[in-house]
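Data block below; observations after.
The values are calculated or read from the model by the stated rules, or taken from the named source; none is laboratory data. This structure is a prediction, so every number in the text was calculated from the model and none was measured. Every residue, glycine as well, gets a Cβ built from its backbone with ideal geometry; the counts of neighbours run over all protein chains shown. Each accessible area value is taken on the protein alone, full model and side chains, heavy atoms only, with ligands, DNA and RNA left out. Shrake-Rupley method; radii C 1.70, N 1.55, O 1.52, S 1.80 Å.
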Amino acid sequence: MERQAYKLPDDFFFGAAMSGPQTEGHWRDGGKLENLWDTWSDLRIEDFHNRVGSYAGNDFTNRRHEDLVLLKSLGLTSVRTSIQWSRLLDADGNINPEGEKYYHELFADARAVGIEMFVNLYHFDMPTYLFRRGGWENREVTEAYARYAGKAFRAFGREIRYWFTLNEPIVEPDQRYTNGAWYPFIRNYARARAVQYNISLAHALAVREYRAAKAEGCLLDGSRIGLISCFTPPYTRENPSKADLEAVRMTDGVCNRWWLDLVTKGELPEDVIRTLSSRSVELPARPEDKLILADGKVDWLGCNYYHPERVQAPAQGTYENGVPRFADPYVWPEAEMNRSRGWEIYPKGLYDFAMKARDEYPSLEWFVSENGIGIEREDLEKDESGVIQDDYRVDFVRRHLGWAARAIQDGAKCRGYHYWAVIDNWSWANAFKNRYGFVEVDLEDGYRRRLKKSAAWLRKVATTHVVG
């Protein structure tokens with residue numbers, strides 16, 4: 001997209017995205033239970049970049065007010081974080097009073113600063129004791145999640161207006177169960193899809209709890225429920241074969257349409273389920289599930305967008321371990337890459353998603369719930385005064401916002417933009433390897449916050465709604 005100024009609507013909101021397990025720290029304080037990241041950190045700390053496990057987050061708990069004031073000073077009006085299941089409830093599934101107090105204080109502080117909190121209920125951080133009972137493979141755990149959601153809605157429903165059930169529900173099936181990249185390193189495609197199916201049920205059960213809490217008068221007027229999902233628009237080679245197009249269909253079906261159909265239609269894509277079944281991947285469906293999934297429709301959707309997916313027909317029908325193989329990667333010769341993260345930078349993909357939503361899901365409102373660029377060794381980009389010169393971040397966000405503005409002009413129901421993560425935070429096994437923030441977190445100076453060069457640009461865009 002050519003360099004020019006774009007004006008976003010006056011009611012388009014700007015905010016920051018973060019999560020509880022990546023920022024809070026205090027992993028054993030206040031009655032908090034162990035979650036899977038704590039367990040993995042204890043068992044194999046060497047798996048984490050520079051041996052930095054889940055313990056610290058980015059010191060948000062100790063700097064909460066300072067960080068909220070900082071975000072507000074950058075022109076941001078909202079912040080999305082997550083409640084940690086392992087902090088709010090005890091091992092019997094009851095409210096942990098210290099955990100409840102933690103979040104009441106956080107939400108009160110945000111209100112005082114003038115920040116609207118968006119609250120997500122799950123960000124890959126299952127309590128370990130529930131994982132040991134089968135995790136998302138166990139229906140009882142999906143039901144436990146719904147009870148947790150119901151308790152959260154009723155505890156904080158008069159404080160929070162915007163709720164989300166899950167963040168990126170495709171990621172755990174892929175990272176824990178297909179790729180084996182996350183603890184406990186399982187590689188079983190059928191189990192991954194069973195987990196994906198049960199997560200879908202968990203979402204729908206949580207929405208059911210939300211509707212019940214709303215009917216009871218426990219929620220604020222104008223409250224909304226949504227899902228936050230990552231979308232990777234799939235592309236293939238020019239002049240594709242039928243097999244290439246089939247690879248696109250299944251990639252899109254499992255990763256994207258699955259969630260879009262769930263939140264707009266209350267069902268899962270039948271063509272995808274039929275294809276899975278033809279490859280001996282059977283979902284753990286029960287007769288009552290259609291009624292449960294029907295409750296999965298939401299008020300709006302969060303779209304996390306980082307990169308596209310480029311695929312082609314698979315060279316073989318299965319991997320060496322017998323995992324069904326529906327697509328192989330396609331290396332697009334013109335791809336622009338973020339070499340730190342290994343992800344393609346393709347801002348137009350956001351526009352393409354927006355047009356898909358406009359045309360195929362016309363009633364769906366959505367916002368960009370995450371978008372950002374992570375760069376390794378940003379300390380090498382400091383000028384003589386110690387300020388990180390991150391013009392690449394401005395360029396990345398400017399181009400994505402430009403395509404968002406064009407999509408809105410072309411009829412997309414895109415309502416806002418949350419950047420991941422305005423303040424550098426801990427990022428799973430990568431720890432602090434790749435930095436995303438407009439604000440630096442200096443680990444060698446007690447987590448001190450310092451504005452990067454890009455922060456001034458963010459403030460101007462957020463306050464003027466002009467992207468230039």
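One residue alone among Gly180, Gly99, Gly134 is surrounded by fewer than 22 Cβ atoms within 10 Å (Cβ to Cβ) and in contact with a helix residue (DSSP H, G or I) (Cβ under 8 Å, 6 or more places away or on another chain), and that residue is Gly134. Residues in the range 75-96 that are surrounded by 13 or more Cβ atoms within 10 Å (Cβ to Cβ) and out of contact with any helix residue (DSSP H, G or I) (no Cβ under 7 Å at 6 or more places or on another chain): how many? Going through the range 75-96 one residue at a time, the tally reaches 5. Among the residues of the range 393-413, is any open to solvent by less than 50 Å² (accessible area, probe 1.4 Å), touching a strand residue (DSSP E or B) at 6+ places or on another chain (Cβ under 7 Å) and part of a strand (DSSP E or B)? The answer is no; no qualifying residue exists.
Screening Phe124, Phe118, Phe107, Phe153 for residues that are over 19 Å from Trp426 (Cα atoms) and not in a helix (DSSP H, G or I) leaves exactly one candidate, Phe118. Out of Gly253, Gly266, Gly302, one residue alone is touching a residue at least 24 places away in the same chain (Cβ under 8 Å), open to solvent by less than 50 Å² (accessible area, probe 1.4 Å) and either in contact with a Ser or Thr (Cβ under 9 Å, 6 or more places away or on another chain) or more than 25 Å from Asn120 (Cβ to Cβ) (or both). It is Gly302.
Test of understanding: among Val141, Val171, Val195, Val207, which residue is of a type in the set (Val, Ile, Thr) and closer than 30 Å to Ala335 by Cα? Steps first, answer last, please.
Working: Val141 fails: closer than 30 Å to Ala335 by Cα; Val195 fails: closer than 30 Å to Ala335 by Cα; Val207 fails: closer than 30 Å to Ala335 by Cα.
Just a single option satisfies the conditions, and that option is Val171.
Residues that are of a type in the set (D, E, K, R), more than 19 Å from Gly302 (Cβ to Cβ) and not in a loop (DSSP other than H, G, I, E, B): does the range 198-208 have at least one?
Our first condition is that a residue be of a type in the set (D, E, K, R); within the range 198-208, this holds for 208.
Retained after the next criterion (residues that are more than 19 Å from Gly302 (Cβ to Cβ)): 208.
Keeping just the survivors that are not in a loop (DSSP other than H, G, I, E, B) gives 208.
Looking through the range 198-208, at least one residue is of a type in the set (D, E, K, R), more than 19 Å from Gly302 (Cβ to Cβ) and not in a loop (DSSP other than H, G, I, E, B).
Among the criteria (1) at pLDDT 95 or above; (2) closer than 22 Å to Tyr330 by Cβ, the one Tyr189 does not fulfil is (1).
Here's the yes/no breakdown for (1) without any contact (Cβ under 8 Å) to a residue 24 or more places away in the chain; (2) polar (S, T, N, Q):
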residue: Ala335; (1), (2): no, no
residue: Arg339; (1), (2): yes, no
residue: Gly349; (1), (2): no, no
residue: Ala354; (1), (2): no, no
residue: Glu365; (1), (2): no, no
residue: Ser369; (1), (2): no, yes
residue: Gly372; (1), (2): no, no
residue: Ile375; (1), (2): no, no
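Taken over the range 155-186, the criterion of being over 19 Å from Pro21 (Cα atoms), of a type in the set (Gly, Ala, Ser) and modelled with pLDDT of 95 or more is satisfied by Ala155, Gly157. In the range 110-128, the residues that are open to solvent by less than 10 Å² (accessible area, probe 1.4 Å) form Cβ pairs under 9 Å with partners that are modelled with pLDDT under 95, at six or more places apart or across chains, as follows: Asp125/Ser54.
If the requirement is being at pLDDT 95 or above and open to solvent by 10 Å² or more (accessible area, probe 1.4 Å), which of these qualifies: Tyr330, Tyr417?
After ruling out the rest, the residue left standing is Tyr330.
May I ask you to say which residue of Ala315, Ala243 is surrounded by fewer than 18 Cβ atoms within 10 Å (Cβ to Cβ), over 30 Å from Glu370 (Cα atoms), in contact with a strand residue (DSSP E or B) (Cβ under 7 Å, 6 or more places away or on another chain) and among the hydrophobic types (A, V, I, L, M, F, W, C)? Spell out how you get there, then give the answer.
Values: Ala243 fails: in contact with a strand residue (DSSP E or B) (Cβ under 7 Å, 6 or more places away or on another chain).
Exactly one residue qualifies, and that residue is Ala315.
Of the residues making up the range 265-299, those that are in contact with a strand residue (DSSP E or B) (Cβ under 9 Å, 6 or more places away or on another chain), hydrophobic (A, V, I, L, M, F, W, C) and part of a helix (DSSP H, G or I) number 1.
Filtering the range 247-278 down to residues that are under 18 Å from Gly296 (Cα atoms) and of a type in the set (S, T, N, Q), which residue is nearest to the chain's Cα centre (by Cα)? My answer is Asn256.
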